[in-house]
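Taking it in order: structure first as structure tokens, then the write-up.
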Amino acid sequence: MYGFVLNHHTTSASLGLRLTGPVELPVARRVVDDIEVTGRAGTLTRLLGWEDTTIHLPLAVKGGLQAYQQAGLALSEATTIGLSSEPGLFRRVKYAHVGSLRQELTAWAMFDTEVVCEPFTYLDSGMDVKTLSTSGMVTNPGLLDAAPVITVYGTGTLTLTVNGVRHVLRAPAGRVTVDSRRLITHVAGKAQTDALTGPFPLLTPGVNRIELGTGISKVEIQGNWKNP
């Protein structure tokens with residue numbers, strides 16, 4: 001039976017939920033601005049980003065009002081959802097709209113939920129952390145550029161080079177974390193806006209060259225691999 005997993009561990013079955021119909025799998029779509037220019041053949045097209053995706057879940061819950069409330073709370077508080085029809089993948093949840101309960105069967109009650117997610121699907125393997133103590137290679141198995149979380153160990157001004165692009169870091173407390181997905185840096189667990197000079201590093205599909213500069217003892221990389 002098809003189902004889903006919330007936050008990587010809470011299954012729909014454990015919440016007393018059952019899907020009552022098929023779930024369409026949304027694909028990320030570009031945000032496009034088409035501009036009419038006089039005398040130009042066709043429009044001037046600007047690619048602005050990606051649209052959020054929405055998953056529609058037709059659900060039945062067994063256990064009455066209390067089970068419905070517990071399931072609704074779990075859906076509302078979920079930060080990720082993985083569908084059994086997308087093995088090895090998950091989506092990052094922005095918010096969920098839980099519909100009203102309809103008592104249509106003696107044992108089961110029905111309701112619908114819309115789960116609004118970030119544009120992409122993420123690979124489960126992208127949550128794993130790879131450690132490099134010397135310069136080396138990291139392979140991105142996804143189809144899009146990945147925004148990794150990289151923790152660099154060392155003290156002082158450090159240089160991490162990713163695919164030929166130098167990223168200068170300031171680590172006064174022995175390590176600094178660069179979160180490219182959220183565009184923030186952390187030093188000793190506290191946000192520090194001046195810890196990185198230059199762009200946030202990205203990992204392109206395929207093999208990426210990581211070079212550890214002087215003073216870096218190791219780096220830990222969580223890839224956040226993703227597909228459209």
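The values are calculated or read from the model by the stated rules, or taken from the named source; none is laboratory data. All figures in this text were calculated on a predicted structure; none of them were measured in a lab. Counting neighbours? That spans all protein chains shown, and the Cβs are built from the backbone with ideal geometry, glycine included. Surface accessibility is based on the protein's heavy atoms, side chains included, excluding ligands, DNA and RNA. Shrake-Rupley method; radii C 1.70, N 1.55, O 1.52, S 1.80 Å.
On inspection, residue 89 passes the criterion of being within 22 Å of residue 182 (Cβ to Cβ) and of a type outside the set (D, E, K, R). In summary, residue 100 fulfils each of the numbered conditions (1) in contact (Cβ under 8 Å) with a residue 24 or more places away in the chain; (2) open to solvent by 70 Å² or more (accessible area, probe 1.4 Å); (3) out of contact with any Ser or Thr (no Cβ under 7 Å at 6 or more places or on another chain) with the single exception of condition (1).
Remark: pairs (first residue in segment 132-145, within 28 Å of residue 120 (Cα to Cα); second residue open to solvent by 80 Å² or more (accessible area, probe 1.4 Å) and in a loop (DSSP other than H, G, I, E, B); Cβ separation under 6 Å; 6+ apart in sequence or on different chains) = 145/202. Among the residues of segment 43-75, the one identified as touching a helix residue (DSSP H, G or I) at 6+ places or on another chain (Cβ under 8 Å) and touching a residue at least 60 places away in the same chain (Cβ under 8 Å) is 74. Checking each residue of segment 59-78 against the condition of being closer than 17 Å to residue 27 by Cβ and either of a type outside the set (D, E, K, R) or open to solvent by less than 50 Å² (accessible area, probe 1.4 Å) (or both) gives no match. Please determine, by comparing only the residues of segment 180-228 that are open to solvent by less than 50 Å² (accessible area, probe 1.4 Å) and among the polar types (S, T, N, Q), which one is farthest from residue 118 (Cα to Cα). Selected residue: 208.
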